[in-house]
Amino acid sequence: MTFSLIPARFWRAAARIAWRDLRSSPRRALAATLAVAVGVAAVGAVRALAAEMRSKVRGNAREWIAADLYVKLTDLPSDEEMAALAPLFRQGATQTLVTELYGMVSADQVPDPALTFVKVVDPDRYPFYGTVVLRPALPLRDALSGDSVVVSRNLLEEMKLQAGDVLHLGKGRFRIAAMIVAEPDWSAGFSTALPRVLLSPENFQRAGLALQGEGVH
C-alpha cells in the first residue's frame with residue numbers, strides 16, 4: 001500500500017495551470033519540455049560515463065600506463081639514478097625506456113611535411129600490460145623490424161598513404177608496416193590529436209632526431 005504526501009488538490013491545481021500554459025503558448029511549453037528532456041539525458045550520460053571510468057580505473061589501471069610504474073623524465077636517467085633502482089632489478093623487476101618527441105614527416109606523394117608525435121619503443125619489452133593493436137594484424141616486434149614503422153589512422157588519411165608506402169622522418173626513409181588501432185598507454189602520454197608514429201630505437205637512431213623527453217616504464 002502506498003500513500004501520497006501531496007494532497008490531491010495540489011495535483012488538480014498543477015494540472016489546470018499546465019493545461020492553461022499549454023493552450024496559451026504551445027511552443028513555449030514544447031521548448032520547456034525539450035529542455036527538461038535534454039537535461040535529464042545529460043545527467044544520465046554523465047552518470048554512465050562516471051561509472052565506466054570507475055570500472056576502467058579499478059579493472060585495467062595498469063594498461064593505462066602499460067606498466068606497474070611510469071616515470072616521466074626530461075633527460076636520460078643518470079648512472080646514480082639507475083644504481084638506485086638496481087635492488088629492484090635484482091629482485092626481478094624489468095624496465096624499458098620509451099622516448100616521446102615531435103618530428104616532421106613527409107612522403108613522396110605529399111612532399112609538404114607534417115608535424116607528428118613520435119614514440120620510440122623497444123618491441124621486445126613494450127608494453128608490459130596490454131597490446132598494441134595493428135591493422136593488418138602483426139606482432140609489434142615484426143611490425144617494427146628492419147626499416148618499418150607503424151602510424152596512426154589520421155596520418156594515413158592526412159597524407160593519402162597506406163601500408164607499404166614510404167615515409168620520410170628526419171634523415172631516414174621508413175616503410176609503413178601497419179596502422180595503429182589501439183595503444184594501451186596512449187592516455188598516459190602527451191594529450192594530442194596529432195598524427196603519430198611508433199618506431200624502434202634502431203630506426204630512431206637512423207632518423208637522427210633530437211631527444212625531447214623520455215618515459216621510463
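What residue, among those in region 137-167 that are in contact with a strand residue (DSSP E or B) (Cβ under 7 Å, 6 or more places away or on another chain) and open to solvent by 70 Å² or more (accessible area, probe 1.4 Å), is modelled with the lowest pLDDT?
Here the answer is GLU158.
Return yes or no: is ASP122 in a helix (DSSP H, G or I), within 22 Å of SER200 (Cα to Cα) and modelled with pLDDT of 85 or more?
Criteria not met by ASP122.
Kindly list the number of the only condition in (1) among the aliphatic types (A, V, I, L, M); (2) open to solvent by less than 90 Å² (accessible area, probe 1.4 Å); (3) in a loop (DSSP other than H, G, I, E, B) that fails for LEU69.
So LEU69 meets the others, but not (2).
How many of the residues making up region 104-119 are at pLDDT below 90 and of a type outside the set (A, V, I, L, M, F, W, C)?
So the count comes out to 5.
Starting from region 100-115, take each residue that is open to solvent by less than 80 Å² (accessible area, probe 1.4 Å) and list its partners that are acidic (Asp, Glu), counting only C-beta distances under 7 angstrom and pairs at least six apart or across chains.
Here the result reads SER106/ASP112; ALA107/ASP165; ALA114/GLU158, each pair linking region 100-115 to a residue that is acidic (Asp, Glu).
Could you go through region 152-172 and let me know if any residue there is among the β-branched types (Val, Ile, Thr) and under 18 Å from ALA66 (Cβ atoms).
no
Yes or no: ALA86 farther than 19 Å from PRO201 by Cβ, free of Cβ contacts under 8 Å to residues at least 24 places away in the same chain, open to solvent by less than 40 Å² (accessible area, probe 1.4 Å) and not basic (Lys, Arg)?
Yes; evaluated as a whole, the condition is true for this residue.
Considering only residues that are of a type outside the set (Val, Ile, Thr) and closer than 20 Å to TYR102 by Cα, which ones fall in region 127-160?
LEU144, ASP147, SER148, SER152, ARG153, ASN154, LEU155, LEU156, GLU157, GLU158, MET159 - these are the residues of region 127-160 that are of a type outside the set (Val, Ile, Thr) and closer than 20 Å to TYR102 by Cα.
The values are calculated or read from the model by the stated rules, or taken from the named source; none is laboratory data. Because the structure is a prediction, the values reported are computed rather than measured. FYI the Cβ positions are ideal-geometry reconstructions off the backbone, even for glycines, and counts take in every protein chain you see. Quick note on the areas: whole protein, heavy atoms, side chains included, nothing else; ligands and nucleic acids left out. Shrake-Rupley method; radii C 1.70, N 1.55, O 1.52, S 1.80 Å.
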